[in-house]
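Q: Handing you a structure now.
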Amino acid sequence: MKYFNPQDLDQEEKEELEAIENGEYVEAQNMQKELEKAKLAAKATLNKTRNINIRLSEQDLYRIKTRAVEEGMPYQTLVSSIVHKAVATK
């Protein structure tokens, strides 16, 4: 757990911390279900796509577009697939 300086908290955070310390929060009735919901939300956040800009040679871009046509998919999808495979393998 990361340590923090209570002086760095804003007013809302100070109130939340005080409520926790005073026992004003109680565990959810179905804690396992709540944990699963939180995990799914976190996973969905990580799965969001982001735009990037990348410079490629004209020849590479032409080859990528040609390959994408052969595969029957948009070239951006092909590039994304190639990048995913590259970073997902060990």
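Q: Being under 22 Å from Thr49 (Cα atoms) and surrounded by 13 or more Cβ atoms within 10 Å (Cβ to Cβ) is the filter here, so list the residues in the stretch 66-75 that pass it.
A: Ala68, Met73, Tyr75
Q: Continuing with the same structure: Can you work out which of the residues in the stretch 18-63 that are aliphatic (A, V, I, L, M) and over 27 Å from the mean Cα position of the chain (by Cα) is nearest to Ser81 (Cα to Cα)?
A: Looking only at the stretch 18-63, we keep the residues that are aliphatic (A, V, I, L, M), and these are 19-20, 26, 28, 31, 35, 38, 40-42, 44, 46, 52, 54, 56, 61.
Restricting the remaining residues to those that are over 27 Å from the mean Cα position of the chain (by Cα) gives 19-20, 26, 61.
Working: Ala19: 47, Ile20: 45, Val26: 44, Leu61: 15 Å.
Filtering the stretch 18-63 for residues that are aliphatic (A, V, I, L, M) and over 27 Å from the mean Cα position of the chain (by Cα), the one nearest to Ser81 (Cα to Cα) comes out as Leu61.
Q: Now a separate question. Can you list the helices (runs of 4 or more DSSP H) lying wholly within the stretch 1-79 that have 2 or more residues being hydrophobic (A, V, I, L, M, F, W, C) and in contact with a strand residue (DSSP E or B) (Cβ under 7 Å, 6 or more places away or on another chain)? Can you show your working first?
A: Numbers: elements: 11-21, 31-46, 58-71.
Hits in the stretch 1-79: none.
Q: While we're here: Inspect all residues belonging to the stretch 41-63 and state whether any of them is surrounded by 10 or more Cβ atoms within 10 Å (Cβ to Cβ) and touching a Pro at 6+ places or on another chain (Cβ under 7 Å).
A: Checked the stretch 41-63: no residue is surrounded by 10 or more Cβ atoms within 10 Å (Cβ to Cβ) and touching a Pro at 6+ places or on another chain (Cβ under 7 Å).
Q: Pick from the stretch 76-90 the residues that are aliphatic (A, V, I, L, M) and surrounded by 11 or more Cβ atoms within 10 Å (Cβ to Cβ): which of them is nearest to the chain's Cα centre (by Cα)? Before you say what the answer is, go through the steps one by one.
A: Just the residues of the stretch 76-90 that are aliphatic (A, V, I, L, M), to begin with: 78-79, 82-83, 86-88.
Narrowing the set further to residues that are surrounded by 11 or more Cβ atoms within 10 Å (Cβ to Cβ) leaves 78-79, 82-83.
Working: Leu78: 21, Val79: 19, Ile82: 19, Val83: 16 Å.
Ranking the candidates gives Val83 first.
Every number in this text was worked out from the coordinates using simple rules, so none of it is lab data. No experiment lies behind these values; they were computed from the predicted model shown. When we count neighbours, we look across all protein chains shown, and the Cβ atoms used for this are built from the backbone with ideal geometry, even at glycine.
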